[in-house]
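The block underneath contains the structure these notes are about, expressed in structure tokens.
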């Protein structure tokens, strides 16, 4: 079963990397993200309703709904930060910084909010993560993309912490379905109301948005399936192996600078994530 989980997590990593690359290549990544999330939510609606009926109309504890709402709001901030970072900087900087920073902050959140203990190895892993993030940005400097990339990391850590609690209050798939629907509504509203004056590029196609939406949804489902047959300590580092592939794509396919430094930094970030996950 472990080998199956590793395969699922690797496939999820590839899909996650693919939709991030497609988002980076878009002139208006925030609008594309909103359309992708909206399309995936529309397609997921009948499937979620059918599952709810077939499985006997399960419900969530009352406390799960405000958690899903808060997590959905943070997801909106996540897409805003990620889109801003991709518009301002290289994917070989943004993606490793966001994913690595989130892993480090998740440890802090677990200690402060969930009263989890910190093992010495986890401390080493966090230090390694920070070193990798520093290498990703050095010697090129932080640039305008660094702040939104770090905001993205904060958002990932925040909604992951909330979701850790939310999935314990009922069926995980039901919580995820409600959360994704909330995210789609809020993100669509934000893009078409608050962020509309800032947009001037040609709108992305529905086909491209649908493709990204499918990649997002399938990647998420693959991770859930992997977690169903293997512990997080195995799934998490395999899933985050995408940081290396994305960094390689950025420096070799997109011609982004600092190839060796950023690839080494991404490998160190992956090592730090692995240490934190397996501890």
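Some points to look at:
- For segment 108-129, the candidate set comprises residues that are in contact with a helix residue (DSSP H, G or I) (Cβ under 7 Å, 6 or more places away or on another chain) and at pLDDT 70 or above; within that set, the residue that is farthest from residue 250 (Cα to Cα) is 121.
- Only one entry of 67, 82, 73, 62 meets the criterion of being more than 30 Å from residue 251 (Cα to Cα), touching a helix residue (DSSP H, G or I) at 6+ places or on another chain (Cβ under 9 Å), crowded, with 20+ Cβ neighbours inside 10 Å and modelled with pLDDT of 90 or more, and that entry is 67.
- Of the helices (runs of 4 or more DSSP H) lying entirely inside segment 155-245, those carrying at least 2 residues that are at pLDDT 80 or above are 172-189, 206-229.
- Taken over segment 43-57, the criterion of being surrounded by 11 or more Cβ atoms within 10 Å (Cβ to Cβ) and without any contact (Cβ under 8 Å) to a residue 40 or more places away in the chain is satisfied by 47, 49.
- Among residues of segment 135-154, those that are modelled with pLDDT of 70 or more and over 21 Å from the mean Cα position of the chain (by Cα), counted: 1
- Filtering segment 176-197 to residues that are touching a residue at least 60 places away in the same chain (Cβ under 8 Å) and within 17 Å of the chain's Cα centre (by Cα) leaves 177, 179, 180, 181, 182, 183, 184, 187.
- Evaluating residue 18 against the criteria (1) surrounded by fewer than 21 Cβ atoms within 10 Å (Cβ to Cβ); (2) over 13 Å from the mean Cα position of the chain (by Cα) leaves one unmet condition, (2).
- Inclusion of residue 132 among residues that are modelled with pLDDT of 80 or more, more than 24 Å from residue 225 (Cα to Cα) and touching a helix residue (DSSP H, G or I) at 6+ places or on another chain (Cβ under 6 Å) is not warranted.
The values are calculated or read from the model by the stated rules, or taken from the named source; none is laboratory data. Note that the structure is predicted; figures quoted are calculated from it, not measured. Neighbour counts run over all protein chains shown; Cβ positions are idealised from the backbone, glycine included.
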